[in-house]
């Protein structure tokens with residue numbers, strides 16, 4: 001969906017190529033991701049090859065940073081004088097009441113935006129309603145899905161219906177999924193909607209659809225693999241164990257191509273199917289298709305535990321696979337389940353690893369919180385061959401919680417002549433709760449011109465509950481001299497930082513008909529983020545532990561939505 005082109009634009013990639021927004025979702029230019037398509041924003045990330053660590057981070061950071069939860073701490077997104085402890089019940093209750101007030105205030109506002117003359121605004125409004133959970137808007141969303149004159153709005157309306165999780169919309173979504181005259185993407189969005197609704201009825205309809213490869217179209221040809229793959233992804237999203245036998249048949253049987261089979265393996269991982277451990281291990285060990293092996297490495301990391309010796313052995317073997325992504329996914333999976341023995345093995349692998357693998361091994365050690373390896377990572381940080389690798393080491397140390405690395409990371413956060421390294425270093429300081437770094441980050445934010453770096457600096461200050469970012473982004477949003485990139489980034493930052501007090505400012509930008517439509521749309525996107533009550537963004541489960549190295553257009557579109 002080429003809707004809010006740069007929104008996560010500058011929020012997600014280089015500005016050099018032609019912009020391509022997706023529901024206020026992600027930028028795809030600047031070299032981009034060659035095979036995996038878009039990745040979701042939340043903080044700013046560069047467009048890069050899928051073999052680079054930044055691609056993995058962009059896909060999984062929502063789960064690791066948990067900004068939706070952390071920005072709600074201390075009763076507000078950014079609160080002057082917030083202490084270091086957990087917020088008390090009174091503060092949490094006050095924040096909950098304020099969030100509910102915001103959601104009620106935004107219900108009629110989003111519905112009004114559905115009728116805007118800008119398709120970018122209408123698209124953003126559909127997704128915002130889905131995030132808010134306003135079931136009273138179902139009739140309006142169905143109308144948008146059927147009659148709007150822009151395909152992005154029609155697709156977004158379907159996705160929003162699924163986000164509402166209203167069972168009364170199941171027959172409608174099934175009708176679109178089964179319509180052979182409709183296009184693959186629109187039908188796939190209906191499948192995703194059914195997956196998000198879940199429950200017995202939606203699950204049964206998805207199972208019927210994928211049975212034996214799905215119904216045949218005229219001429220005896222099967223449905224396109226991307227459509228079947230989308231339905232298989234939706235089955236995994238349901239979380240319903242009743243689908244497991246059918247998904248296993250697709251993953252390990254015959255009759256489907258490797259694209260569909262690989263997504264079935266990923267769905268088994270999301271469904272936590274322990275009875276498939278042996279078969280998934282066999283895929284990781286023997287399958288000739290790289291995407292199948294990648295899926296196997298990811299799925300084992302979601303299912304296996306430290307007691308599953310055979311699965312661990314397969315993952316350890318896969319860290320030497322000929323395919324870089326298989327190696328990287330295997331390392332991350334080991335990091336997520338690591339016991340003391342595994343942590344030591346990962347540390348030895350890091351010390352002996354090549355330049356292309358070291359960033360992922362460092363991240364695995366960060367996920368495992370193996371603090372004894374911090375010394376080795378710090379040493380490598382000082383002599384890393386590229387700024388990208390240094391960014392990975394900063395992120396790993398942040399995930400690890402290594403307080404001793406703060407002085408080194410502060411140096412990286414002050415790097416000049418680069419956008420991404422200081423941004424990742426700033427986020428690491430935020431993860432480490434380095435309040436001593438706040439003044440330095442504030443000064444960098446004031447002097448920085450690049451929207452992408454400012455986004456990461458703002459999020460880092462938000463993690464520290466520092467009051468500076470709020471006023472800075474409000475002033476940037478309201479500055480008529482700023483570019484659409486700067487002001488759009490400021491709008492998005494206010495949402496990501498969960499600043500409820502910015503509600504009037506964002507509403508005023510949308511209401512100004514003289515304003516650029518993209519900035520108005522970004523204001524709606526930001527308000528949608530504020531309205532989302534979920535601990536994690538509702539659509540993030542499509543990205544977390546996904547094989548971003550394979551390109552399926554409908555899924556890429558969903559991954560581009562914030």
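We did not get these values from a lab; they are worked out from the coordinates using the rules stated. Model, not experiment: these values are computed from the prediction. For neighbour counting, all protein chains shown are included, and Cβ atoms are generated from backbone atoms with ideal geometry for every residue, glycine included.
What the table shows:
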| read-out | value |
| --- | --- |
| CD proxy at 222 nm, helix term only [per DSSP H run n ≥ 4: -39500 (n - 2.57); per residue of the chain; nearest 500] | -19000 deg cm²/dmol |
| Packing-based exposure ordering (other Cβ within 10 Å, fewest first) of 329, 209 | 209, 329 |
| Cα centroid of the range 272-307 to Cα centroid of the range 154-182, whole Å | 32 Å |
| Per-selection Kirkwood Rh - the range 408-531 (Cα, Å, 1 d.p.) | 14.4 Å |
| Protection proxy ranking, peptides 237-250, 516-529, average beta carbon neighbours within 10 Å, highest first | 516-529, 237-250 |
| Exposure proxy order (Cβ contacts within 10 Å, fewest to most) of 370, 465 | 370, 465 |
| Residue order, fewest to most beta carbons within 10 Å, for 262, 156 | 262, 156 |
| Rounded Å value of the spacing that divides the Cα centres of the range 312-342 and the range 438-473 | 36 Å |
| Rounded, prolate or oblate (a/c below 1.5 giving rounded, otherwise prolate when a/b exceeds b/c) for the chain by Cα gyration tensor | oblate |
| The range 498-562 versus the range 361-433: alpha-carbon centroid distance in Å | 28 Å |
